[in-house]
Amino acid sequence: MKNVLTKRLEILVDPKDYETLRQMAKARKTTVGAVAREAIHQQCVGPELERRKAAVKALLSMEPVDIGAWEDVKDLFTQEMARQVEAD
């Protein structure tokens, strides 16, 4: 399924940079916008998605840790939250 483009992004670029983008788009038989979207994905969106996937994978690969009984842990959380409220 093709992504539906619904959000507009307007940026100003140096004329030399624009000419480089235009030439790239022409060589690829696409638009300047498509070249810019690809660059955004490669530099920003893609790496962030990969970072998140790696974090999930690391969490899932961890060995379980015995933290004690739930009631004891719940009491610790409650005490800590109360301490933070009092500190504010």
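The values are calculated or read from the model by the stated rules, or taken from the named source; none is laboratory data. The structure presented is a predicted model; accordingly, all values stated were derived computationally and were not measured. Positions of Cβ are generated from backbone atoms using ideal geometry, with glycine treated the same way; all protein chains shown enter the neighbour counts.
Below, the figures for the structure above:
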quantity: Residue within the range 25-36 that is at pLDDT 95 or above, at positive phi and loosely packed, with under 10 Cβ neighbours inside 10 Å present; calculated: yes
quantity: Qualifying residue in the range 55-65 (condition: under 30 Å from LEU9 (Cα atoms) and either surrounded by 10 or more Cβ atoms within 10 Å (Cβ to Cβ) or at pLDDT below 90 (or both)); calculated: yes
quantity: So GLU50, is it surrounded by 11 or more Cβ atoms within 10 Å (Cβ to Cβ), acidic (Asp, Glu) and either touching a strand residue (DSSP E or B) at 6+ places or on another chain (Cβ under 7 Å) or farther than 20 Å from LEU5 by Cα (or both); calculated: no
quantity: Wholly enclosed helices (runs of 4 or more DSSP H) of the chain bearing at least 2 residues among the hydrophobic types (A, V, I, L, M, F, W, C) and under 26 Å from the mean Cα position of the chain (by Cα); calculated: 32-40, 46-61
